[in-house]
1. For the stretch 71-171, place one equal point scatterer on every Cα, skip the solvent, and apply the Debye formula. What is log10 of I(q)/I(0) at q = 0.11, 0.19, 0.20, 0.21 Å⁻¹?
2. Using a Förster distance of 22 Å, how high is the FRET efficiency between residue 199 and residue 284, based on the Cβ-Cβ distance and rounded to 0.05?
3. Once the convex hull of the alpha carbons of the stretch 562-676 is built, what does its volume come to per residue, in cubic angstrom?
4. Let me see the pair-distance distribution of the chain: every alpha carbon pair, 10 Å bin width, integer percents in order.
5. Per the Kirkwood definition applied to all pairs of different Cα atoms, how many angstroms is the hydrodynamic radius of the stretch 1-153?
6. Rank these residues by their accessible area, most exposed first, probe 1.4 Å: 461, 30, 251, 66.
7. So if we plug the beta-carbon distance of residue 262 and residue 219 into 1/(1 + (r/R0)^6) with R0 = 41 Å, what FRET efficiency do we get, rounded to 0.05?
8. Highest mean first, how do 291-304, 629-642 rank when packing is the count of other Cβ atoms within 10 Å averaged over residues?
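The values are calculated or read from the model by the stated rules, or taken from the named source; none is laboratory data. Quantities reported herein were computed from a predicted structural model and do not represent experimental measurements. Glycine also receives a Cβ, built like all others from the backbone with ideal geometry; neighbour counts cover every protein chain displayed. When the accessible area is computed, the model is the full protein with side chains, heavy atoms only, and any ligands, DNA or RNA have been set aside. Shrake-Rupley method; radii C 1.70, N 1.55, O 1.52, S 1.80 Å.
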Amino acid sequence: MASYVDEKNGVFPSVCSLDCPDQCGLLVYKENGRIVRVEGDPNHPVTQGSICNKVRNMPERLYDKKRLQFPLKRVGKKGSGQFERISWEEAIETITDKWKALIQSYGAESILPYSFYGNMGNLTAEGMDRRFFNRLGASRLDRTICNSAGSAGYRYTMGGSIGTDPEETVHAKLIIFWGVNAVSTNMHQIALAQKARKNGAKIVVIDVHNNRTAKWADWFIPILPGTDTALALGIMHILFKENLTDPAFLKEFTVGSEELKEHVVQYDPKSVSLITGVKVQDIYELARMYGKISPSFIRIGNGPQHHDNGGMCIRTISCLPALTGQWLKKGGGAIKGNSAFLEHNSQALQRPDLSAHNTRIINMNLIGKALHELDPPIRSLFIYGCNPAVVAPEGNKVREGLLREDLFTVVHDLFLTETAALADIVLPASSSFENTDFYTSYWHHYMQLQQPVIEPWGESKSNVEVFRMLAEGMNFTDSCFKDSEEEMIRQALDFPGNPYLDSITFESLAENQFVKADRETLFPENLPTPSGKIELFSRKMERDGYPPLPTYMPIPAENYPLLFVPAPNHNFLNSTFSNNEKHIKMEKTPQIFIHEDDAGQRGIRDGDTVRIWNDRGECTLQASVGRDVLPGAVISLGLWADLPGSSQLVNSLTPDRISDMGGGAVFFSGRVDIEKAL
Ligand SMILES: Nc1nc2c(c(=O)[nH]1)N[C@H]1C(S)=C(S)[C@@H](COP(=O)(O)OP(=O)(O)OC[C@H]3O[C@@H](n4cnc5c(=O)[nH]c(N)nc54)[C@H](O)[C@@H]3O)O[C@H]1N2
Ligand SMILES: Nc1nc2c(c(=O)[nH]1)N[C@H]1C(S)=C(S)[C@@H](COP(=O)(O)OP(=O)(O)OC[C@H]3O[C@@H](n4cnc5c(=O)[nH]c(N)nc54)[C@H](O)[C@@H]3O)O[C@H]1N2
Ligand code: SF4
Ligand SMILES: [Mo]
């Protein structure tokens, strides 16, 4: 297996490891053994050489003096931030001794892994780690913090994470960015839409915030948070009423169009306008555009699904392309996610068979509650590729839980994050440029190989290596813990269950760097739904306790006046980069956008420092007063670092309720009040 580590100078292919749909092909420039520049790989068919500022600035993160070099153990009081350097031997022995004792006294379910996709590499994020915790018999984590509500909703309609090939969206004549701030979060979909626009496509944005994407669009439709289901149903109402549907498509490829047609009679534009805050004439105009312009493409974002009703919302929006027969048009349809096209052999990679029995499952969004209330308790956490002290809802509960003196916490990360600062043992992680892995985008259809470009920083180690060492420390003799990275990749790619994967082998990846899933299939025939068709009416939903037809349900009331939407920002990636001076400078200051009427009522002026609070907590941000949000909603941008003396952790305010489907997070459904800070 190739490695570029020994070559001191040159340009080497790579792939972006961050949790971003674009998963860019990269070229890494090395001088004297160090990475000096990161650029886009012009040969990548989708990302074509352009990358975002975040990753252009990656060398600064890789060689940041703050980057962890050695294992550390806590010496002061928990949370005091006092650590001392220890050896890897001592670290592994401390962890495994503690775990052996815990298992003896309380069983392995007293241990919980807590991870997400800080590095999207399949071996890193769901490979050796899963093998290890399965073999250990630890409690299992339900990884629901990102897209699980929407994925569950989309699955009811379409059967799986399958949508339009983004490369084809250049042919669309109408592109709707629905609850996705793509200029910041999916920049190559913007590049493709820009090409479509040059050929006459119209660009519409439906969002609760006049964000960068809205400002770039031809038409921005502001909407009240959590009401998109009603808007989609209002569009359907008009499509059916004005005969703008495609009856032939509905007959051949869907089930339930007659029931749906009757059902949406109740969602007349006037009622929908009252719910959504979208003007009646705008609902008509949008529906008629959607009914008449073809091909049309909807990029469905994460925004609408981070609500209590998020699953049903995505289930509903994903019915729209079927109504006008878009799935047969080149570039038409929708993308919520596309991960099914690159699905690989997760059984072989993760080895669930190593687990002796079905251990308990803990929803990661409820980690705060779980640390306080679960019985039998969680006594040890192993956190990697994730920063729950900042990113998880009900943040105060999470941080208090992590401060529990009796909790033994290990954090594996590149930096001493807010979470790592609360740990007992901290392990340094190598960056993706230092590892071997394979990457599968959840938006485009290319798989890519990462081969190490530089030596691991200090004594840092990859997730795969750390779990190999832990397996040895636990005396696990199963041969899978000795597998090399190449062997693991080969095992994962051996998957006849996914016909799209036929053309992808280890050899083809090594030779070509990126290889496309073979999409020459019968789509949208034989979908993985119970009927094999697009399910506008779903018996499965009925069995699962949901209305079988798309239905608007309001988000629950809370006793505060303003809906609070703490969305991501442009220059951080979740909390990653929030510790880098350059990125902080580019973002300037953490802001909260508020409508001038709501601000006026509270005597708040543009630029004022404001206190935002509810029963869960409070934070202090800078007000941006104007008309970028509708009255009744406020939006913040970015997951800012917990700096001494600051109070900018927006997740102190977010609820840990669980969305209607998929166990998803409801970051955007909480309510707050605001006042000028003294
Ligand atoms: N720069 C940058 N890029 C990123 C990330 C990042 O943090 N920064 N994060 C990455 C990750 S993990 C993910 S999951 C994706 C997420 O990226 P997106 O899919 O873009 O999702 P969000 O940014 O969470 O929210 C998108 C928009 O939804 C809006 N919104 C909130 N509630 C509603 C609603 O009820 N209705 C409508 N119509 N809009 C609503 C918000 O105002 C926001 O503009 O981005 C990835 N890329
Ligand atoms: N208020 C609010 N909260 C949100 C969101 C929101 O929109 N609003 N978005 C939510 C969403 S969609 C998501 S996906 C989550 C994301 O939340 P997280 O997954 O926690 O994402 P990051 O904050 O980027 O933290 C990832 C961590 O992984 C570390 N890391 C990177 N590579 C490696 C590696 O190879 N090994 C190890 N061990 N560590 C590594 C990074 O240094 C970083 O500290 O946040 C959620 N939280
Ligand atoms: S963060 Fe996204 S846009 Fe930026 S380089 Fe990585 S994949 Fe590309
Ligand atoms: Mo995410």
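1. -0.58, -1.19, -1.26, -1.31
2. 0.25
3. Taking only Cα atoms, the stretch 562-676 has a hull volume of 109 Å³ per residue.
4. Bin by bin from 0 Å, the calculated values are 3, 15, 26, 27, 20, 8, 1, 0.
5. Values: mean 1/r = 0.0521 Å⁻¹.
Result for the stretch 1-153, one decimal place: 19.2 Å.
6. My answer, sorted largest first, is 251, 66, 461, 30.
7. With R0 = 41 Å, the Cβ-Cβ based efficiency is 0.85.
8. 291-304, 629-642
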